[in-house]
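Data block below; observations after.
The values are calculated or read from the model by the stated rules, or taken from the named source; none is laboratory data. Since this is a predicted model, take the numbers as computed values, not measurements. Positions of Cβ are generated from backbone atoms using ideal geometry, with glycine treated the same way; all protein chains shown enter the neighbour counts.
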Amino acid sequence: MEKFTVTYCRRILGDAGRNLGDKEIEAIRDTFIALSDFVIDSEVEKLRLKQNAQSYENQKISP
């Protein structure tokens, strides 16, 4: 996987990144990474809670 360098991010942004400076690109990249981390952590937490709920329900049903 390619690292998120300024050059790589600029290429992803295409025309939208044409007039942005390196610091602006870095800020967008850092925001994207933080948002991605949040979404991944949220999904992992949902899965964990779902598994715990299923485990709890299985224990309630078993004599």
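Return yes when Leu13 is in a helix (DSSP H, G or I), in contact with a Leu (Cβ under 8 Å, 6 or more places away or on another chain), without any contact (Cβ under 8 Å) to a residue 40 or more places away in the chain and surrounded by 13 or more Cβ atoms within 10 Å (Cβ to Cβ) and no when it is not.
Details: in a helix (DSSP H, G or I): yes; in contact with a Leu (Cβ under 8 Å, 6 or more places away or on another chain): yes; without any contact (Cβ under 8 Å) to a residue 40 or more places away in the chain: yes; surrounded by 13 or more Cβ atoms within 10 Å (Cβ to Cβ): yes.
Here the answer is yes, as Leu13 does meet what is asked.
Of all residues in segment 22-49, which are more than 19 Å from Thr7 (Cβ to Cβ) and either over 9 Å from the mean Cα position of the chain (by Cα) or among the hydroxyl-bearing types (Ser, Thr, Tyr) (or both)? Once the filter is applied, which keeps residues that are more than 19 Å from Thr7 (Cβ to Cβ) and either over 9 Å from the mean Cα position of the chain (by Cα) or among the hydroxyl-bearing types (Ser, Thr, Tyr) (or both), segment 22-49 yields Ser36, Ser42, Glu43, Val44, Glu45, Lys46, Leu47, Arg48, Leu49. When segment 48-63 is limited to residues that are surrounded by 10 or more Cβ atoms within 10 Å (Cβ to Cβ) and of a type in the set (A, V, I, L, M), the one that is modelled with the lowest pLDDT turns out to be Ala53.
Hey, could you check segment 17-39 for residues that are modelled with pLDDT of 95 or more and of a type in the set (Gly, Ala, Ser) and say which is surrounded by the most Cβ atoms within 10 Å (Cβ to Cβ)? Restricting to residues being modelled with pLDDT of 95 or more and of a type in the set (Gly, Ala, Ser), the top hit is Ala27.
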